[in-house]
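Below you'll find the structure, written out as structure tokens, and then a few comments.
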Amino acid sequence: VPGLSTGADLVAFAQAVNAGASTSRWQNEAGEVVLLNDIDLTGMTEWTPAGAGTSTGNPAYQVASSFSGVFNGQGFAIKGINWTFNIKDSETHLFGLFGAIKDATVKNLVLGAEGDQITVVGVNDNVISVGALTGYAENSTILGVTNNVSVVLADKNAEVPGDNPNSTLMCLGGVAGSIKAPMLVGSKDEPVKNLGTVKTGAISN
């Protein structure tokens, strides 16, 4: 049965998105990329987001690659998310499960479990966007998604702080770091819920 069932599948999926390659091998008959079961990523401390882009403003992005299909979690969870993103010298400025989604639908997905966390370290001179689901979303639909992953900027007193220089924006969100209209996020029957914490220490901006 086509679909995503392991952490290795998710890594291969993200690589396909970033390469602009087909994701058809994970699609059901309706053409949706689907989860076939819960996927536990415990032990995977680094993650390369599916989709990437570079900052062009406050906040605006030149999207280099993005997911543009339908991602249907079918009610399953991607959990065990404990990733550290080092933004220093990074070629992409967008971070999350997805770096960027554009002309896409993400639905029926549980992201993370209680205690799961994304930690941002390093300093970058560009506008960084971080969200547990996606760093950046444009002209997309997000329905029936529950996020349990906290997004935390390491305090400037930490061994490796997370910060941006003064007057350089940094966008942190539970579900999405930044979005560009038109967007549909949640409905009465398929709400989008963020149960994660968005947390920073003392920062320059």
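The values are calculated or read from the model by the stated rules, or taken from the named source; none is laboratory data. Fair warning: this is a prediction, and the values are worked out from it, not measured in the lab. As a convention, Cβ positions derive from the backbone with ideal geometry for all residues, glycine included, and neighbour counts pool all protein chains shown. When the accessible area is computed, the model is the full protein with side chains, heavy atoms only, and any ligands, DNA or RNA have been set aside. Shrake-Rupley method; radii C 1.70, N 1.55, O 1.52, S 1.80 Å.
Working carefully through the options 192, 175, find the one that is among the aliphatic types (A, V, I, L, M), touching a residue at least 12 places away in the same chain (Cβ under 8 Å) and closer than 24 Å to residue 64 by Cβ.
175
Taking the residues in the stretch 81-106 that are among the hydroxyl-bearing types (Ser, Thr, Tyr) and in a strand (DSSP E or B) as candidates, determine which candidate is farthest from residue 160 (Cα to Cα).
For the stretch 81-106, the residue satisfying everything is 105.
Run down 19, 50, 12, 30 and say which single residue is of a type in the set (A, V, I, L, M) and buried (at least 17 other Cβ atoms within 10 Å of the Cβ).
50
Got a number for residues in the stretch 33-47 being open to solvent by less than 20 Å² (accessible area, probe 1.4 Å) and over 19 Å from residue 84 (Cβ atoms)?
Residues flagged as open to solvent by less than 20 Å² (accessible area, probe 1.4 Å) and over 19 Å from residue 84 (Cβ atoms) within the stretch 33-47 amount to 4.
Contact list please: Cβ distance under 6 Å, first residue in the stretch 10-32 and hydroxyl-bearing (Ser, Thr, Tyr), second residue open to solvent by less than 30 Å² (accessible area, probe 1.4 Å), pairs at least six apart or on different chains.
From the stretch 10-32, the pairs are 23/16; 23/33.
Regarding residue 98, is this residue of a type outside the set (Ser, Thr, Tyr) and touching a Pro at 6+ places or on another chain (Cβ under 7 Å)?
Answer is yes for this residue.
Within the stretch 53-73, can you find the residues that are part of a loop (DSSP other than H, G, I, E, B), of a type outside the set (Gly, Ala, Ser) and surrounded by 15 or more Cβ atoms within 10 Å (Cβ to Cβ)?
59
Are any of the residues in the stretch 124-133 charged (D, E, K, R), within 18 Å of residue 90 (Cβ to Cβ) and open to solvent by 20 Å² or more (accessible area, probe 1.4 Å)?
yes
Those residues that are under 13 Å from the mean Cα position of the chain (by Cα) and farther than 12 Å from residue 98 by Cα, I need them from the stretch 47-78; list them, please.
78
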